[in-house]
Amino acid sequence: MSPKANEETPIFVEAQQARKSRATRSQCLRILGLAGEPSTMDIQAAYKGLVADMTPGEHANHSRVAVAKSLLAEVELAYQELSA
C-alpha cells in the first residue's frame with residue numbers, strides 16, 4: 001500500500017494548514033519555496049516555475065494528476081496572498 005499524497009509531500013501539509021486559516025506570509029513563502037524577504041520578481045519567478053512544473057500535461061492520466069492539481073491550487077493561493 002502506497003502512502004497518501006499528503007503523507008509524502010511536506011508542502012502539501014503546509015498548504016493544508018495555510019488553507020485552514022488565512023495563510024501567513026511565511027507559510028506562503030514556504031509553499032513557493034522561498035525564504036527571507038524575496039522581491040516581487042523572485043515571488044513571481046518562483047510561482048511561474050512551480051506552475052510550469054505542476055501543470056499536468058494534456059494527456060496526463062495517472063494517479064499523481066490529482067495531487068498535482070491540488071498542489072497547483074495551493075501555489076496559486078500562496079501567490080495571490082503574497083501579491084495582494
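The values are calculated or read from the model by the stated rules, or taken from the named source; none is laboratory data. Everything numeric here is computed off the predicted structure, so don't read it as measured data. Positions of Cβ are backbone-derived with ideal geometry, glycine not excepted, and every protein chain shown enters the neighbour counts.
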Selection over region 45-59 where residues are surrounded by 10 or more Cβ atoms within 10 Å (Cβ to Cβ), within 13 Å of the chain's Cα centre (by Cα) and assigned to a helix (DSSP H, G or I) yields a count of 8
The residue from L82, L34 that alone is in a loop (DSSP other than H, G, I, E, B) and at pLDDT 75 or above is L34
Condition set buried (at least 16 other Cβ atoms within 10 Å of the Cβ) and either touching a strand residue (DSSP E or B) at 6+ places or on another chain (Cβ under 9 Å) or aliphatic (A, V, I, L, M) (or both), scope region 67-84, selection nearest to C28 (Cα to Cα): answer is A78
